[in-house]
Amino acid sequence: MGGRQLQTVKTKNKVTKINTQNLIQGAYLVTIKTDTNKTANAKLIKK
């Protein structure tokens with residue numbers, strides 16, 4: 001899967017909503033990086 005970075009969001013909130021309204025149908029990879037440099041990845045499928 002190849003691609004590009006679509007969005008960067010910086011927040012201090014523990015919960016953040018990502019607006020996917022402008023994304024076209026497809027599969028996306030979400031990478032979350034904390035201020036302590038921990039990372040988590042999630043797959044997002046927009047139908």
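Just so it is clear, none of the values below were taken in a lab; they were calculated from the coordinates. All of these numbers come straight from a predicted model, not from anything done at the bench. Positions of Cβ are backbone-derived with ideal geometry, glycine not excepted, and every protein chain shown enters the neighbour counts.
Details
- Residue check: Ile24 meets all listed conditions (1) surrounded by 10 or more Cβ atoms within 10 Å (Cβ to Cβ); (2) part of a loop (DSSP other than H, G, I, E, B) but one, namely (1).
- Test: residue in region 34-41 that is surrounded by 10 or more Cβ atoms within 10 Å (Cβ to Cβ) and not polar (S, T, N, Q): no
- Inter-residue pairs, beta-carbon under 9 Å, first free of Cβ contacts under 8 Å to residues at least 60 places away in the same chain and in region 4-27, second in a loop (DSSP other than H, G, I, E, B) and among the basic types (Lys, Arg), 6+ apart: Gln25/Lys47
- Within region 15-41, being over 12 Å from the mean Cα position of the chain (by Cα) and not polar (S, T, N, Q) holds for Val15, Ile24, Gly26, Asp35, Lys38.
- From Val9, Val30, residue being among the aliphatic types (A, V, I, L, M) and not in a loop (DSSP other than H, G, I, E, B): Val30
- Scan of region 5-21 for residues that are within 16 Å of Lys47 (Cα to Cα) and exposed (fewer than 10 other Cβ atoms within 10 Å of the Cβ), ordered by number: Asn19, Gln21
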